[in-house]
Amino acid sequence: MATRKRLSVEDYVAGFRAGDRAVLARAITLVESDAPRHVALAQEVLTALLPLTGRSRRVGISGVPGVGKSTFIDAFGTLLTAQGKSVAVLAIDPSSSVTGGSILGDKTRMAKLSRDERAFIRPSPTSGTLGGVHRKTRETMLLCEAFGFDVVLIETVGVGQSETVVADMVDFYLVLMLAGAGDELQGIKRGILEVADMLAINKADGENELYAKRARVEYETALHLMRGHGGTWHPPVLTCSALLGVGLPELWDKIEEHRQKLSATGELEARRQKQLVRWMWNMIEERLMSELHAAPGVRALLPALERDLRAGQVTATTAATTILNAFEHSRSHG
């Protein structure tokens, strides 16, 4: 079996400009790799492709369990491709940090979109990362932008306290909700309300349509109390039915309205710049934590130190100082 030719930076750039999806897939695999030789090449490729990025609509989509997120993305993405837009879906797969995600599973969940020539679906494992996104999702998003996709949809695992991480990498954060349980406001985290750019109550069809309308009023009230009407954008609450395709055009109209308003004030560009700075610091923190845990001196200390901390024999501050001193010693004598 012949080995595949190793692509150079120039090969990747040429492949992107030619619209070669096989090269895009290989580039994503490259940036997801933790192998040192891949990490260095991935950064060279990303740097070379940076001038081609920044033009896509970046939309994050989260949803409570059972909300029909995959059905929604399938219908929503198909609506966008029908309008002539190209769509990339970065589907986060929480089940596998070994296989790299289930491509077959995503094609099953998004049957229409997976067959659409204007769409591209790529699963990525969370690899245990908080926030419902793979730690390389940001870089994968940049690759999809450089490839020329008009819209990049980032599908996250679900709604949880750390799900707001996705809001820090997209232009627009859409949260899908359900109605009919009678305790709608109990099912949504305060943090989600603070960062969502829009709430959409899905499955607003049949007998559930009335419940959806009631829930819409409750969510609108909650958003008003929490965030008021100040600022350029007040998050709307809409109802939709992905199954019937009802309300989806209105959702996209709101996303476009949001982009136009924030672009006009300069807030969109400022938002992206702040995200880049936070991304840098996140990468620094992640690297430092990884090095700290790997330091021999720290590894030797941890079991006894954690035991003493649980037993109340040492304070957290003293334990932290001991670990940091051991880390500094390991670095200076490594």
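Candidates Ser62, Ser86: the one that is open to solvent by less than 80 Å² (accessible area, probe 1.4 Å) and modelled with pLDDT under 95 is Ser62. Tell me whether region 259-266 contains one or more residues that are at pLDDT 95 or above, closer than 30 Å to Leu238 by Cβ, among the hydroxyl-bearing types (Ser, Thr, Tyr) and assigned to a helix (DSSP H, G or I). The answer is yes; a qualifying residue exists. Considering only residues in region 224-239 that are of a type outside the set (Val, Ile, Thr) and under 14 Å from Leu174 (Cα atoms), the one that is most open to solvent (accessible area, probe 1.4 Å) turns out to be His234. A residue that is crowded, with 17+ Cβ neighbours inside 10 Å, touching a Phe, Trp or Tyr at 6+ places or on another chain (Cβ under 9 Å), assigned to a helix (DSSP H, G or I) and modelled with pLDDT of 95 or more occurs nowhere in region 179-195.
Selection within region 240-250: residues that are open to solvent by less than 20 Å² (accessible area, probe 1.4 Å) and in contact with a strand residue (DSSP E or B) (Cβ under 8 Å, 6 or more places away or on another chain). The member of this set that is farthest from Val175 (Cα to Cα) is Gly247. Comparison of Ala295, Ala320, Ala300 shows that the only residue that is small (Gly, Ala, Ser) and out of contact with any helix residue (DSSP H, G or I) (no Cβ under 9 Å at 6 or more places or on another chain) is Ala320.
Here Ala300 clears all of (1) open to solvent by 90 Å² or more (accessible area, probe 1.4 Å); (2) modelled with pLDDT under 95 except the condition numbered (1). Could you tell me whether region 251-263 includes any residue that is among the small types (Gly, Ala, Ser), open to solvent by 60 Å² or more (accessible area, probe 1.4 Å), out of contact with any Ser or Thr (no Cβ under 9 Å at 6 or more places or on another chain) and under 16 Å from Arg58 (Cβ atoms)? Yes. Number of residues in region 282-325 that are among the hydrophobic types (A, V, I, L, M, F, W, C) and closer than 30 Å to Lys136 by Cβ: the value is 12.
Please verify whether region 89-96 includes one or more residues that are farther than 18 Å from Arg122 by Cα and either free of Cβ contacts under 8 Å to residues at least 60 places away in the same chain or open to solvent by 20 Å² or more (accessible area, probe 1.4 Å) (or both). Checking region 89-96: not a single residue is farther than 18 Å from Arg122 by Cα and either free of Cβ contacts under 8 Å to residues at least 60 places away in the same chain or open to solvent by 20 Å² or more (accessible area, probe 1.4 Å) (or both).
The values are calculated or read from the model by the stated rules, or taken from the named source; none is laboratory data. Everything numeric in this text was worked out from a predicted model, so none of it was measured. Counting neighbours? That spans all protein chains shown, and the Cβs are built from the backbone with ideal geometry, glycine included. When the accessible area is computed, the model is the full protein with side chains, heavy atoms only, and any ligands, DNA or RNA have been set aside. Shrake-Rupley method; radii C 1.70, N 1.55, O 1.52, S 1.80 Å.
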